[in-house]
Amino acid sequence: MEKRASFLLLLILIISTISCGTRKSNENANLESIRSSGVEVFTETVDDVIAAPVAKNVATVDIEPKVIKTANVSIEVADYLTSRRKVDSIVAKHKGYVTNEAFQESDTQKSNSVTIRVPAQNFDHLLSDIATIAKRVDYQNIYTQDVTEEYIDIKTRLKNKQEVERTYRKHLRKAKNIEDILKIENKLAEIRSEIESAQGRLKYIDHQVNLSTVSLFLYQKLEYKYIPEELPGFWQRIKEGFHWGWKGFLWFPILLVKLWPLWLLGAIAYFTVILIEKQIKSRKKKEKKAKKLQKRAKQTDETVM
């Protein structure tokens, strides 16, 4: 009996092993046939897709150098108004525009600080034309900032994120339950925010590269003319003296009326002092009368004795 039981158990194990191998080979054969037909097969779970690290530098980009140009220029001009009009014509000629300006005028000079944006290809030509209207160029400082490396880095990361976004969207179409859909949509929202941020930064860099900035300070020196102060004559001073004297006379009673609280307090203090003095005098009189009566009484007693 024990031999039969052992034989049956061994036979069952052999049959189950053969059937598992056959099933696995059939699944592999089916998977190969699906792949050969050109249909994509997603064997990862949603959690595996979300937890998978994002590949870096999957795509590389080749772009032209990105350089931001700025200039600070100070010039002295012979005539401010004429030179200011010429600056406007030069800016229009090179397809630029003025973003802001600050005009100032004093006894010694007229000046204006003008900020100009001009296409990068016209940057050098604009500076050359501005120098032609100057009586003297105080300084012309040109600064360049190479942002090519930053631009390539952002562009590469942007392409990688867009590729990852497409992958998540493929998995979103394959998701079959609400939980998986929500997980993928949350991840897509994060990636979309990063993509939009990168696109905004690229647009800003392109704008700064395509339009150069020129900070122009132009001024005209003025000859200082001393203008003596005109003093009034003798009779004019007499007239003004009568005028201000009459005004002072009229203001004096008004001032007295305005000080009525002080007058009231003074009157109260005055009558209070008088009342106190009367009381003191009355008390002193009574004391004198009492002393006289005591003295008379004493003299009368001495006479009787």
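The values are calculated or read from the model by the stated rules, or taken from the named source; none is laboratory data. The shown structure was predicted, so the numbers you read here are calculated from the model rather than taken from an experiment. Here Cβ is always computed from backbone atoms with ideal geometry, including for glycine, and neighbour counts include all displayed protein chains.
In the stretch 98-118, which residues are closer than 16 Å to Thr70 by Cβ and not charged (D, E, K, R)?
To start, the set of residues in the stretch 98-118 that are closer than 16 Å to Thr70 by Cβ comprises 98-100, 113-118.
Scanning the stretch 98-118 gives Val98, Thr99, Asn100, Ser113, Val114, Thr115, Ile116, Val118.
From Lys183, Lys170, Lys135, grab the single residue that is assigned by TED's automatic domain parsing to the domain that holds Ile75, crowded, with 16+ Cβ neighbours inside 10 Å, over 32 Å from the mean Cα position of the chain (by Cα) and basic (Lys, Arg). Before you say what the answer is, go through the steps one by one.
Details: Lys170 fails: crowded, with 16+ Cβ neighbours inside 10 Å; Lys135 fails: crowded, with 16+ Cβ neighbours inside 10 Å.
The unique qualifying residue is Lys183.
Out of the residues in the stretch 77-96 that are crowded, with 18+ Cβ neighbours inside 10 Å and over 30 Å from Tyr204 (Cβ atoms), which is nearest to the chain's Cα centre (by Cα)?
Here the residue is Arg84.
Where residues in the stretch 97-130 are surrounded by 12 or more Cβ atoms within 10 Å (Cβ to Cβ) and among the small types (Gly, Ala, Ser), which of them is farthest from Ala78 (Cα to Cα)?
Checked the stretch 97-130; the qualifying residue farthest from Ala78 (Cα to Cα) is Ala120.
Only one of Leu158, Leu172 is among the hydrophobic types (A, V, I, L, M, F, W, C) and under 22 Å from Asp206 (Cβ atoms). Can you tell me which?
Details: Leu172 fails: under 22 Å from Asp206 (Cβ atoms).
Just one listed residue meets the conditions, Leu158.
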